[in-house]
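Read the structure below first, then the notes.
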Amino acid sequence: AQSVAQPEDQVNVAEGNPLTVKCTYSVSGNPYLFWYVQYPNRGLQFLLKYITGDNLVKGSYGFEAEFNKSQTSFHLKKPSALVSDSALYFCAVRDLGYYGNNRLAFGKGNQVVVIP
Amino acid sequence: DSGVTQTPKHLITATGQRVTLRCSPRSGDLSVYWYQQSLDQGLQFLIQYYNGEERAKGNILERFSAQQFPDLHSELNLSSLELGDSALYFCASSREQGDTQYFGPGTRLTVL
């Protein structure tokens, strides 16, 4: 089965500094990878995805992610963090089944705290 | 706002009871997914429907069932509730099965 791992529980970063949230994946075949963000008492918001093509994927709110096949990683990045970026971030991989079903397998999530 | 709506927002009930959670997908989306988020299990896939048909099952208990109606809204039925069923239940939808999933705001279920 496809899976992702988010090795850190919490990421603390000062406002204005670069933000990186790590994700590694384990898949058979080509990975379809996603990042979602969850704000308190809200649902998950889609940030970006990698299916094929450029290894650097640009997404919403200034976020981008770098796909690295040799390191089986898909780290989320933002050049300059904002206090409003404080939230729970989830990496996910698509587990494509026989009927083309499309379940997502999520990592445990990373709490990001941006310090003013 | 993703365009996916879920009702109710909060639900408090007792052990042994049965509840129904409702989800309306984004306009035009044919596929609906249900996920459970709990502190100990994280985010787990429960079940998927596509245009009214069940397409995939994940870690869904036998006490739980779901369906997707002709107007494409979906309901998740949870019965014989236990304390451990307390969680946030998310619905997501996508245009086709391989597309990006967009999540609703969730229903927070508390079983007392």
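The values are calculated or read from the model by the stated rules, or taken from the named source; none is laboratory data. All values reported here derive from a predicted model rather than from experimental measurement. Quick reminder, even Gly has a Cβ in these numbers, built from the backbone with ideal geometry, and neighbours come from all protein chains shown. Keep in mind that these areas ignore ligands, DNA and RNA; they rest on the heavy atoms of the full protein, side chains included. Shrake-Rupley method; radii C 1.70, N 1.55, O 1.52, S 1.80 Å.
A few remarks follow.
- Tally, over the range A:95-113, of residues that are open to solvent by less than 20 Å² (accessible area, probe 1.4 Å) and under 18 Å from A:Tyr36 (Cβ atoms): 6
- So B:Asp1, is it among the acidic types (Asp, Glu), farther than 17 Å from B:Phe103 by Cα and either modelled with pLDDT under 95 or part of a strand (DSSP E or B) (or both): no
- Exclusive hit being away from chain A (no Cβ under 13 Å) and over 10 Å from the mean Cα position of the chain (by Cα), set B:Ser79, B:Ser65: B:Ser79
- Scanning the range A:1-32 for residues that are open to solvent by 90 Å² or more (accessible area, probe 1.4 Å), outside any strand (DSSP E or B) and under 14 Å from A:Leu88 (Cβ atoms) yields a single hit, A:Asp9.
- Residues in the range B:29-57 that are more than 23 Å from A:Arg42 (Cβ to Cβ), out of contact with any strand residue (DSSP E or B) (no Cβ under 7 Å at 6 or more places or on another chain) and in a loop (DSSP other than H, G, I, E, B): B:Asn51 alone.
- Qualifying residue in the range B:98-106 (condition: away from every other protein chain (no Cβ under 14 Å) and touching a strand residue (DSSP E or B) at 6+ places or on another chain (Cβ under 8 Å)): no
- Scoring A:Gly43 on the criteria (1) without any contact (Cβ under 8 Å) to a residue 24 or more places away in the chain; (2) more than 10 Å from chain B (Cβ to nearest Cβ) leaves a single failure, condition (2).
- Failed item, numbered, when A:Leu33 is tested on (1) within 9 Å of another protein chain (Cβ to nearest Cβ); (2) of a type outside the set (D, E, K, R); (3) over 24 Å from B:Lys9 (Cβ atoms); (4) within 12 Å of the chain's Cα centre (by Cα): (1)
- When the range A:67-78 is limited to residues that are in a loop (DSSP other than H, G, I, E, B) and touching a strand residue (DSSP E or B) at 6+ places or on another chain (Cβ under 8 Å), the one that is surrounded by the fewest Cβ atoms within 10 Å (Cβ to Cβ) turns out to be A:Gln71.
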